[in-house]
Amino acid sequence: QVQLVESGGGLVQAGGSLRLSCAASGRTFSTYTMGWFRQAPGKEREFVATITRSGDRTYSRDSVKGRFIISRDNTKNTVYLQMNSLKPENTAVYYCAAVASRGMVISMDYAYWGQGTQVTVSS
């Protein structure tokens, strides 16, 4: 069982930056592939980025490539999402998720989900 708690959301102006954190409970964090997802009002939840267990590989959706960076610190049981050059269309609730996997996972097939953190980008 893994419990995930996101933090770092807030209100930021367009062009600004935020760093989201997701703290995981348990001693097996390094065995989980981690992902970030988001859900905007009236829209379905969508994939943002994923990172392998060791952090050696990452993948993100095209619309955030070059602006959002996913990383992890297995010594702190934490995964991060650095978001730069934010745009109003990035406004959403951001969720982190975990799944026991050896590779990257870009689908919704994650076993554990956090409660989400709100990110609002003003124009």
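The values are calculated or read from the model by the stated rules, or taken from the named source; none is laboratory data. All values reported here derive from a predicted model rather than from experimental measurement. Cβ: placed from backbone, ideal geometry, glycine included. Neighbour counts: every protein chain shown. For the accessible areas, the whole protein counts, side chains as well, though only heavy atoms, and no ligand, DNA or RNA atoms are used. Shrake-Rupley method; radii C 1.70, N 1.55, O 1.52, S 1.80 Å.
Note: relative contact order over the chain, using C-alpha pairs below 8 Å and six or more positions apart, is 36 percent. Can you list the aspartates and glutamates whose alpha carbon sits under 15 Å from that of Lys87, skipping same-chain ones fewer than 8 residues off? Within the straight-line cut-off, Lys87 pairs with Asp62. Cα extents for the range 77-121 along the principal axes, largest to smallest and rounded to whole angstrom: 33, 22, 20.
Put simply, the amide H of Arg72, placed in the peptide plane, has neighbours under 5 Å in Tyr80, leaving out anything fewer than 5 places away on its chain. A full extension of the chain between Ala40 and Ala100 corresponds to an added length of 18.9 nm, given 0.36 nm per residue minus the alpha carbon distance.
Heavy atoms of the protein chains alone define the surface here; on that basis the range 1-91 has 53 Å² accessible area per residue at 1.4 Å probe size. Extension gain for Ser107 to Asn74 (0.36 nm times residue separation, less C-alpha to C-alpha distance): 9.6 nm. Whenever you get a sec, compute what percent of the accessible area on the range 1-58 sits on carbon and sulfur atoms (1.4 Å probe). The value for the range 1-58 is 43 percent carbon and sulfur by accessible area.
Computed over the range 62-123, relative contact order equals 31 percent, with contacts defined as Cα pairs under 8 Å that lie 6+ residues apart. When the label point is put 7 Å from the Cα of Gln13 along its Cα-to-beta-carbon vector, which residues of the range 77-98 have a backbone N closer than 16 Å? Hits in the range 77-98 for Gln13 at 16 Å: 85-88. Considering all different alpha carbon pairs of the chain, the Kirkwood hydrodynamic radius works out to 14.1 Å.
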